[in-house]
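The values are calculated or read from the model by the stated rules, or taken from the named source; none is laboratory data. Since we're looking at a predicted model, the values are computed, not measured. Backbone-built Cβ (ideal geometry, glycine too); neighbour counts: all protein chains shown. Protein only, heavy atoms only, side chains kept; ligands, DNA and RNA dropped before computing areas. Shrake-Rupley method; radii C 1.70, N 1.55, O 1.52, S 1.80 Å.
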Amino acid sequence: MLLLRPPGVYRPQGDTSLLCEALTGAGVLRGASVLDVGTGTGMVALTAARGGARRVTAVDVSRRALLAVRVNALARGLRVRTRRGDLFSAVAGERFDVIVSNPPYVAGEPACAHGAARAWDAGLDGRRHLDRICAQAPEYLHPGGTLLMVHSALCGVRSTLGALHEAGLRASVVARRREPFGPVMNARAGRLASLGLITRGQYEEELVVIRADRAAAGTAAVRPGHRHAG
Ligand SMILES: C[S@@+](CC[C@H](N)C(=O)[O-])C[C@H]1O[C@@H](n2cnc3c(N)ncnc32)[C@H](O)[C@@H]1O
């Protein structure tokens, strides 16, 4: 997909396409209200709109990203509502059938408030945004709604599944793919090895898409301590 990408806006990569594939394959789009958290160029939001979503909302902290989404949607005759803010704050009080996110998840540096690195830096363990999304997603999902989120296995698949379970969602890994390190990971490999997050000489990582479902109305929610297989 050829997209307008202003300087500083995340270039869609393997994580973006893995999430798009999982989203179209999940069978959750037709007629759905969809929220894309950390939309970048809007590739995931546009995939949702093309896939039959009724209403798509794209959120990002970056003004340039939201400009890109608006142009990219207009160029395709698709409708995407844009909102600027920190994760869910821009859609406070709303609920969605589907939430999708490819949040910043690269470990090794303190999370960054400005500039291009805001798209990937997520604190020393890479979980700064992941943990907030896991904790807050249920509040923004309709009963029966679905969260699909991609991240590197280096930041802890068990931690994500555990956090989603604690939040009352039924969660499992629905897609995995090994990808060579991109430029950021290559530049940071030495630091990640010294933190024990990768082995020296490692040049690829596994990406995972995690699906988490909120129980439908009238059915029992997941109870922490009764984890289903992920
Ligand atoms: C890894 S990029 C993913 C972009 C796009 N969804 C994709 O898959 O190509 C993460 C995006 O999250 C945005 N972001 C970072 N921190 C955020 C926050 N606190 N709230 C909302 N968006 C944020 C960044 O600006 C960036 O566009």
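Per-structure values
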quantity: Gyration tensor (alpha-carbon) shape descriptor, the chain, a/c threshold 1.5; calculated: oblate
quantity: Positive-pole candidate from G108, A215, I198, dipole of the stretch 84-230, charges at beta carbon; calculated: I198
quantity: Cα centroid separation - the stretch 77-93 against the stretch 1-40, whole Å; calculated: 14 Å
quantity: Whole-Hz couplings from phi, Karplus 6.51/-1.76/1.60, listed for the stretch 113-127; x for Gly and Pro; calculated: 8, 9, x, 4, 5, 4, 6, 10, 5, 9, x, 4, 9, x, 10
quantity: Sum of side-chain charges, G190 neighbourhood, beta-carbon under 14 Å (Lys, Arg +1; Asp, Glu -1); calculated: +2
quantity: Helix-only [θ]222 nm of the chain, DSSP H runs n ≥ 4, -39500 (n - 2.57) each, per residue, nearest 500; calculated: -9000 deg cm²/dmol
quantity: Packing rank of 78-87, 37-46, where each peptide gets the mean count of other beta carbons within 10 Å, highest leading; calculated: 37-46, 78-87
quantity: Percent antiparallel among DSSP beta bridges (both partners in the chain, rounded to 5); calculated: 50 percent
quantity: Most to least accessible of D97, D60 (protein chains only, probe 1.4 Å); calculated: D97, D60
quantity: Surface per residue (accessible, 1.4 Å probe) for the chain, Å²; calculated: 46 Å²
quantity: The stretch 92-230, accessible surface, carbon-and-sulfur percent (1.4 angstrom probe); calculated: 51 percent
quantity: Phi-based couplings in Hz for the stretch 92-98 (Karplus 6.51, -1.76, 1.60; Gly and Pro marked x); calculated: 3, x, 9, 10, 9, 6, 9
quantity: Amide H partners (placed H, <5 Å) of V100, local residues excluded; calculated: L35, D36, V37, L148
quantity: Nonlocal amide H pairs with L207, under 5 Å, H built at 1.01 Å; calculated: A153, R177, R178, E179
